[in-house]
Structures are given as C-alpha cells and as structure tokens.
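> This is the structure, below, for whatever I ask next.
Rule-based calculations on the coordinates, nothing more; no lab input. Nothing here was measured: the structure is a model prediction, and the numbers come from that model. Here Cβ is always computed from backbone atoms with ideal geometry, including for glycine, and neighbour counts include all displayed protein chains.
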Amino acid sequence: MGRVGLTPSSGPTPSNRCLHLSPSCRVRDPPSGTAWLQMKAWFSESGQRVEVFIPSRRWFRPLMGRCCQACTPRSWDGFYHAHLSSLGFCSATWVTEEDTRYRGWLVRRICCILAVGSWKVLTNTPGDLLERVCSNKRVQDVAASQACSCRRDSKFQQQCKEKVLGILARIQAPLCFPMLRLCCWALLRFLSRLFLSVQLHRGQLEMVLRAARTPSVPLVFLSTHKSQVDGLLLSFLLFSQGLGVPRVMVGNLTCSPRLRALLSCLGAVFLPTRMEQALSDQDGELPAAVLASYVEEVLRSQQPLVVFLEEPCALWHLSVPARAWLAPLYRAVRDGAVPDILLVPVGIAYDQTPDRFCRDGAHGAQPLSLGACLWAACRALCRCFGCARVDLAQPFSLQEFVAQSLTCWSSTGKPLEELLPTILGVPQPVYSRADGPEHRMITSSEAEEETMVTKLGLHALSDAIACSAVTAVGITSALLLHKHRKCVRLSQLMADFAWLLEETLLRQHDVSFSGQLRALVLHSLTLLRAHLTLYHLAPLGDIMVVVKDSAETQWELSRHSAQLVPVFASEAVGACAIRALLLELLPFVGEAPCPSGITFSEDELYHKILALLQLLPPSLLGLKPCQPLDCQSQDVLDKLTLCGLLETEEEGEHCLCDVSSRRCSRTLPWTDLDFSDSDSDDNHRKRCFRICEPKDSPGFLLFFCHLLSPVLATYVRAVAFLEQNSWPQPEAMCACALQQFLAEEDGLECPTWSLVLSTLQSFKNIGVLKEMPSPLGPLLHLVQPFSSSEGQGKLRAFLEQFMQL
C-alpha cells in the first residue's frame, strides 16, 4: 500500500491517531527534516491490480515563514535557524503524564488537570492601569478640549475619571485565574474531541520563544481568521506552550453581556465601537484616546497580543477592526512608548472549519449569546472536523518595517499602463503608479498613519497566508473541482493526489498531514461525504467517486480548494493569460492544431499577465504587496518556464504563432533559461515562448486555468449586477445587495462573502466603480462608460477571456 510520510512526528501514537491508522498499518517516521513519497501497486481481494507504480523520491520539508527580505532585511537572520525545521511536530491537545512533574496510575487519569494547573501566567495587566491611562498625555488633551466650556474643578476631574473607567470596563477586564484555568481545561477536552489533532511545529515554537525572551520588546501575533474558534484556539495554544495568556483583540463580534464578561476575564479585548457610534464626534475622541493608551500599557507590560487580520467570512481581505487595532501599535512605536514590537504572522488551517459562520453573511442580526455558544459546541461534538494546524512565521521588527517602508516611498517605480482603456478598447495613456495610493506622497501624519497601517496589514496577511499549510481536504477538493468534475476512480484520484502533493512541495509550501496515501484520500472523502457518492466496483476492487451536481457541492469544493490559489498563484495567472492569447488566435489557427507548440512573444504574454495582476487583489493571490506589478509579471513568466509550460526561444528562430510540433522536456537546463530584462538593451533580440505540455503532468495548463475560475466567474456574474442596481450607494449596502444577487443566481443560501468584497475591490481598482465623498459618507458611483450595455459587454468580454469554462 502506498505511503506518503511528510510529518516527522514526535511519536507514532499522535501521528497514527491523527489519521485513524490501525496498529497493523503503522509506519516508522521518516528521518528528521525529510519527507518521502512512494506509491506502490496494491491488489484487491480478487487479485486485480488497481494502481500504477510511481518511483519513490526523497523530499525535504520546505522551510516556511521567512520574513520579507526587502522590507525587513535585518530581521531575516533573527531567531531563525535551519536546524529548527528538524525538531518535528507536536499535538497541543495530546497531553500525557510526561507533561506533568508527576508519574503514576492516578496521574495518567488526571494529567490534563495537573498540566493546566502547572501552566504559568507570565504577565498581567498593571494594577494601577486606571491611573496610568488617566495620566496619559493624549487622554488629558482630549479631556481638556472637552472642558473648554466647562469649569476644570475637582468635580469635572472626577467625572472624567469615571468616564475613562467606564470606557476601560467596556474594553477589557482583569484576568480571572480560576476561571481561566477551568476554561482551559474544558477547552482542552473540547478541542481533543473536536479535532483529531492540533499540530504545532516545535521549531516554529522554539523560534517564537527565543523572540519572547527579547528584553522590553513585546510580541504581537497577526493571524488569519478562518473560524470563530480561532481566538480560543490561539489563546489556548500560546498559554499551554509557555508564552503567557494573550490579549485577543475582538473585532465585529456582537456578544451578549454575559458572553462578553466571560470572554473579557479570559483575555478578550473589545473595540468601543458601539459607544463611539452613540456619542458625538467630539466625545468620540475620548474612547479612541483611551484605547490607544490602554494598548501602550499592555505593550509596556509585555503581554502578548493577538490581532486577527480578516473576518471569518471575508478571507483575503484586511478587515476594518484590524486597521483599528494596528493603528495603536504603529503609534506606540512611532511615539516611543515602546522601543520596538516583534510581529509574528500566524497561519491557521482546518480540514473543515468548526462552525458555519461563513454562510451567515458578514454581520449577524442577533447578538451571540452564551447559551447559543454552548448549544453550538454540543452540536459540534457530534461530528469530527478532521485535523487543525497552526503555523508561526518568523518574527520581524515593526520599527524596521516602518523605516524601510518610508525609505522605499521615495522611489516612484516603473510606470504602468492603465487597465480601463484596455477594457474599453481606446488608446492607452501612460499611467504612473506613483499617483496611486500605494506610492502617493505623504502630506500629513494622518495620511502617513493610514498608508502605513494598510501596508503593514496587507503585508502581514500575505505572510500569514504564505506560511499556512495545505490540508489533504484542500488537495482532494481541488482535484474533484478542477480536474475530475464528474467522477473518478479512487486509484486515479490517489495518483493525482500524489502528483499535486509533489507540485505543492516543489513550490516551498508545506502540508498539514502525514500517513498512508490511501488513508489520506479516504480521510478527505469522508469529510466531503455529503457532496459525494461512492460506488464499489466489485470486479476491479476499486471505488468510483461521483461528484454531486449541485451548487452547494461546487461552493463547498471551491471553498476548500481556495487553499491552493496562493500556492499556484503565479502559474494560474500565467495559464489564464495563455488562455486569453489562445482565444485571440482561435479565428486564425482554427480548432485543428493542438495548443502545445504555439509561440507567443514576450510582450504579448507580459501585457496579458500584467492586466490580470491589475485586476485581482494581491491578497487573494498571496503575493507580496511590496513587490511591483511589473516584477510580479516577470516572475510569472519565469515560473511558467521552470514548471515546463513554456519554452524560451529568441524571436526570429521560429515564426510567431507557429503551430509546428516540438518536443518539450519538463526538466530544462538552467543554462538554457534567459531571465535577463529584455528592455535593458534595445539591440537585444526579444524572447519568445512556446507552449509545452509536460509529459509527466498531463492537463497541467488546464488545471491551472481552472484554479481562478471561481473568482473570475463571480466577477462575470457581478457585471449583470451593475446594470440592475441603482447608483450611487454606500459600499456596505452595495456589498449586501451583490451577495443577495449572487445567492439568487447560484441557488445558494449565501455565497462566500470574501468573493463579494474581492469583486468590489477589483472593480474599484480598475476604475469601474469610483468612491466619492458625501455628507452621509463615501458612496460608490458607477463610472459613465459602464452605465451602458456596450460598456458592460466590453467588461464582460475582458473578464471571460481569462476564464476557463
């Protein structure tokens, strides 16, 4: 039976438990820091061979989570060493007597209670927090400005102190240690029943523990947000691994008073947004000043903070609460309240998210109550959600990031063409990115703060997505959605699973699983069983996997397969650009010739790739926001060449659009690849690229084209929404209306909220929608060319050229 061993576990028991392996199927873990891939032929009871043999190869687990060398060059070598990758993994919910100071029969039964009781609370909020906040200069200035028309007597000072105390009470509460340990014990039992394992890399943990020992420098964890359980999970993990009890920044979660009080005594910190909305603009300055002062005091006491960069239902999108939490962090370093802050991006991966909040829209109408949470937990215990994986990226310095970003703003970058004339088919004026929001000149401290917070949030979100591991369910869903849409035999699905796993590891992305290949695929099919039908083929001893033809199935598979978009983002963008160029050639070459062997010039591919990169948000693709688009476009071309989909040749060697057959190899010698900038020398002959189909990866190009189809299909359907909707309108109202429109068209209860926000953001970036200020707030206006059916038809045609049906 084939095996895929990819996780050097600390022991055989947790690893086997993770995959439900029987004792007869247990395998010895691979050497430390290595991974190996092998699939042998196996026989059914009738003796029929149902798998093909794939030669085994040795792999090294990729080193993930390195910080950006361009934005934080000094942090590149900090706290990170190559040998940390060989320390293996541990399950945070797997507690034995080895985790306690005692041994014996009784200890083995109550080891969870003893372990939770031994965890230490390293730091806590200062006891004189109220006096420190009241004496803060910013709080005093705001209070003084409000007292200009009042008498500054002792009575007013007392009223101001009471008001600050009320704001602090709504923001946080002191930690309750008995309740904290009781909830941690209950959470340990709950997580062990909810997940097969919660994996954590020992090397990443050691790296963060080293960073935590830096004197007078606090840690802030910037995490992706996949589920409402993330806050409890991260708080439990950091507390159990010796990093202390973190203060978890809560965003737009509307809680009942009882639930809010419970979360506050466990470390939750809330934004005073509700109170700010009820106050006037002048009075609203005081909660913001108190919040900033409170964050400074927490940082001075070196309590770890957890900030979620997204909303659970809006992946790939920096949320408004995240900006509100990042702004005080930036001010604390800028004003010298703390010498520096070490930021740790965190990636979370689930086989299946343990709640269904992602289908309830962006905002819940009813506040979340304690009883509803307990009832949801009881229902969740009736099923298994697979495995979970938490990845900690390399810590980097906020002070260094700010200084490096301010230096980089002085460079304007290479001018780019505007995308709007390309869509409308008019002459293209030269458009300089220096006029955009990413490179605008800083005219005030508020604009500098807003720009810096946005850059920091998007960069941290990109790092967190890059370090997130790919799950087995994500790989299986991508194969069923983009490669085998109707049905597939289990043996073929296993072979494709091994192929896609190999391609994922080659692109320096880790996976969250280990074990036997057949067990991994069956584990994924079990979690997706509501959307599949399995038939046992008795004569062959194989299993036929049939995908149900429903919008619900397509939505679920698309949600899981989105994990692979950041992994193959460059190849997917390049494949869609090639598809657009082939569509333009279709009237000239007809349907007879095979796409393999057609030659394009470098400029044609470059401009198509650049147009698609301008259309899609960088966070959706997992690309670094600090890298210019022209560099990303060139990087896409290089990666397509390395993976064997393109073969380089110089112009003049063959005629353009030549459809003659040409043998292409998957492995290209590095000496034959030319990655020089063709624009640097006018006399240098332009490069051309010939389309190839790697023999060991059939359907490679088509698979990459399908990866972006769910996103592009949402964009195409949104074009009809532009015609039916009334303009102008607020962005929040427009997003809700678009979500309802897509739900009615797809037949779903509620489509993915992140795709709705991504659609609006893309339409604003390319100039279809324009945000204009108004007395009631910013409104979205539909640009004049797209108010007509002709302009909307051009926009639809522009989008459909990249989409593989």
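> Residue separation times 0.36 nm, minus the C-alpha to C-alpha distance between His484 and Glu584: what's the value?
Contour length minus Cα-Cα distance gives 33.3 nm.
> With the crude spin-label approximation of a point 7 Å out along Cα→Cβ, what separation in nm comes out for Ala403 versus Asp335?
Roughly 2.2 nm, to one decimal.
> Which shape class, rounded, prolate or oblate, goes with region 709-800 when its Cα gyration tensor gives a ≥ b ≥ c as root eigenvalues, a/c under 1.5 marks rounded, and past that a/b bigger than b/c marks prolate?
Cα axes put region 709-800 in the oblate bin.
> A further question on this structure: Pairs Lys639/Lys764; Lys120/Lys226; Lys483/Lys639; Lys226/Lys639; Lys686/Lys794; Lys548/Lys608: which exceed 25 Å Cα-Cα? Don't jump to the answer; show the numbers that get you there.
Values: Lys639/Lys764 29 Å; Lys120/Lys226 28 Å; Lys483/Lys639 21 Å; Lys226/Lys639 29 Å; Lys686/Lys794 31 Å; Lys548/Lys608 35 Å.
Long pairs (Cα-Cα over 25 Å): Lys639/Lys764; Lys120/Lys226; Lys226/Lys639; Lys686/Lys794; Lys548/Lys608.
> With every atom except the alpha carbons ignored, what do you get for Rg and Dmax of region 450-543, in angstroms?
In order Rg, Dmax, the Cα atoms of region 450-543 give 17.2, 66 Å.
> With labels modelled as points extended 7 Å from the Cα through the Cβ direction, what inter-label distance (nm, one decimal) is found for Ser445 paired with Lys155?
3.5 nm
> If you average the C-alpha positions of region 459-523 and of region 702-781 separately, how far apart do those two centres end up, in angstrom?
Here the two parts' Cα centres lie 29 Å apart.
> Further question on the same structure: Which lysines have a Cα less than 25 Å from the Cα of Lys137, not counting those fewer than 8 places away in the same chain?
Qualifying lysines at Cα under 25 Å: Lys155, Lys161, Lys163.
> Within region 486-524, find all residues whose amide N lies under 14 Å from a label point positioned 7 Å from the Cα of Met544 along Cα-to-beta-carbon.
Under 14 Å, as judged by backbone N against the label point of Met544, lie 486-491 of region 486-524.
> Hey, another quick one. Once you keep just the Cα pairs under 8 angstrom separated by 6 or more residues, what percentage relative contact order results for region 709-800?
37 percent.
> Give, in nm to one decimal, the length gained when the segment between Arg258 and Leu534 is fully stretched (0.36 nm per residue of separation minus the Cα-Cα distance).
Working: separation 276, 0.36 × 276 = 99.36 nm, distance 4.59 nm.
Between Arg258 and Leu534, full extension yields an extra 94.8 nm.
> Starting from the Cα of Ile110, step 7 Å toward the Cβ, then list every residue of region 188-219 with an amide N under 20 Å from that point.
Once the point is set 7 Å along Cα→Cβ of Ile110, 188-190 turn out to lie under 20 Å by backbone N, inside region 188-219.
> A further question follows. To the nearest 20 Debye, how big is the dipole of region 120-381 about its Cα centre, given +1 on the beta carbon of each Lys and Arg and -1 on that of each Asp and Glu?
Once rounded to the nearest 20, the dipole reads 540 debye.
> I want to check the label-to-label distance for Lys764 and Cys176. Put each point 7 Å from Cα in the C-beta direction and report it in nm to one decimal.
4.0 nm
> How much length is gained on full extension from Lys686 to Ala186, taking 0.36 nm per residue of separation minus their Cα-Cα distance?
Full extension of this stretch gives 173.5 nm more.
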